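Bear in mind these aren't lab numbers, they're just calculated from the coordinates by the rules spelled out. These numbers come from a predicted model, not from an experiment. For neighbour counting, all protein chains shown are included, and Cβ atoms are generated from backbone atoms with ideal geometry for every residue, glycine included.
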Amino acid sequence: MEKEILQVQMLGGFSLVYQGKTLVFDRNYTSKSTQLLQILFLHLENGIAKEQLLAELYSRDDVENRNGSLNNTIFRLRRQLEAAGLPKGKYFSLKDGIYRWDPVISVETDLSLFEKKLEESREETDEEKKAELLKEACSMYTGELLPNMIGEDWAAVANIHYRDLYFEALQELCGYLKEKEHFEAVYQLTTAAAQIYPFEVWQLWRIDSLIAMNRYQDAIVVYKEATKHFFDDLGLPPSREMLERFQLMSERIQQSVGALGEIKRGLREKEDQKGAYYCSFPSFIDIYHVIGRMMERNGISVYIMLCTLTDKNGEIRMGTDRNKEASKALKIAICNSLRRGDFYTRYNESQFLVMLSGTTLESCQVVSARIDRNFKKDFGGHFRINYYMASVAELREEREEDPILFTSAGDCWGNTRK
């Protein structure tokens with residue numbers, strides 16, 4: 001008779017399946033008995049020393065008698081496993097200072113299957129078979145290790161270990177698939193990775209694979225979703241690599257020849273906006289270059305204004321809910337304080353860039369005062385806005401290695417250039 005196996009899921013969650021049934025173990029996902037069981041499964045092959053087990057379970061707790069607490073947890077865990085539906089037994093034992101799972105009940109974890117598949121891929125010399133093994137391994141990685149336990153040190157260390165194994169395997173697999181021009185497979189794999197870890201590296205892989213398949217509109221969607229996440233959640237502007245992809249996609253997107261009505265609809269603003277025109281940071285860069293060329297022809301005066309949101313002590317604080325609310329209020333204040341022919345964008349959570357055309361340095365003071373009034377009218381609190389200005393004409397004269405100099409509103413609007 002074939003021996004029954006206890007199947008354990010630890011990636012993306014925690015569950016136990018025995019004889020085809022999911023065991024209802026402990027509804028408290030972070031209890032000490034649950035942690036004890038998970039630690040034993042993490043050390044299934046070699047066991048874990050008692051001292052290490054005590055440290056991992058009680059390092060953050062003010063427990064006078066750790067041995068007594070461990071014995072109580074062991075007693076409770078054994079009762080829970082039996083009540084959940086496992087055959088009666090000790091389940092694990094202590095020998096020579098090492099706690100080990102009792103092999104009477106065989107255990108198979110998704111972690112062991114994942115590592116086994118990776119080991120097979122390392123030993124495989126045929127590139128195609130190796131790629132297939134890597135693909136199987138990556139498909140097994142369905143989420144972070146024990147997400148409910150990330151706050152525990154022992155789980156965080158193990159989580160990083162398995163995450164790095166996954167990243168290495170996925171990078172190697174995507175490199176091979178890219179060489180073979182299997183771009184759809186690259187896109188599917190990195191999309192799955194981005195759902196777990198929305199890091200830029202996987203978003204770039206997604207965008208590059210879509211570009212390679214000439215799916216520029218889809219790539220633009222991925223770009224917008226990724227940059228919105230970086231802006232809203234991390235307060236970061238698009239990286240140089242992201243901007244390069246955006247420019248490439250923009251250059252290659254072509255509309256149907258002769259579709260005049262569709263072109264008109266595409267050019268029309270989505271809504272009748274009042275005040276200044278808000279655009280993405282990459283679009284702001286394009287507008288900056290266009291305005292710069294127009295200046296060469298007609299000599300108009302254009303200034304860039306940097307608006308920085310700080311606390312009352314002049315420090316930039318990003319990531320707090322209050323700062324995010326203040327950032328939204330500043331965006332509205334800028335929009336309502338400028339003309340329809342002016343442009344602005346958000347550089348990060350606490351900074352906005354404004355482009356003012358046909359103006360002077362002195363006029364910028366009037367604009368900043370207007371922004372201040374509108375901001376304070378709609379949003380109270382201990383925030384203030386610092387303003388810095390620079391002429392586009394002067395900026396375009398700077399060499400790439402030269403520092404960009406801005407004039408501060410606190411300098412009485414004088415020229416700081418030497």
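Numbers for the structure displayed
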item: Among the listed pairs K178/K328; K224/K324; K21/K116; K3/K130, those beyond 29 Å (Cα-Cα); result: K178/K328; K3/K130
item: For C279, C174, order by how many other beta-carbon atoms lie within 10 Å, fewest first; result: C279, C174
item: Stokes-Einstein diffusion coefficient of region 10-95, Kirkwood radius over Cα pairs, 10 °C, 1.306 mPa s, in µm²/s; result: 115
item: Sorted by Cβ neighbour density within 10 Å, fewest at the top, the residues K228, K376; result: K228, K376
item: Option label - mean projected area of the Cα convex hull in nm² computed here, alternatives (1) 31.2; (2) 17.5; (3) 21.4; result: (1)
item: Inter-centroid distance (Cα atoms) of region 98-116 relative to region 200-227, Å; result: 40
item: Ranked I332, I39, criterion: other C-beta atoms within 10 Å, fewest first; result: I332, I39
item: Whole-angstrom gap from region 165-180 to region 7-40, using each part's C-alpha centre; result: 31
item: In degrees, nearest ten, helix 200-212 long axis to first principal axis of the chain (Cα); result: 70
item: Tilt relative to the chain, helix 361-378 - C-alpha long axis, 0 to 90 degrees, to 10; result: 50
item: Region 120-266: C-alpha gyration tensor shape, a/c 1.5 cut-off, then a/b vs b/c; result: oblate
item: Whichever aspartates and glutamates have a C-alpha closer than 14 Å to that of K331, once near sequence neighbours (fewer than 8 apart) are set aside; result: D232, D342, E349, D372, D378
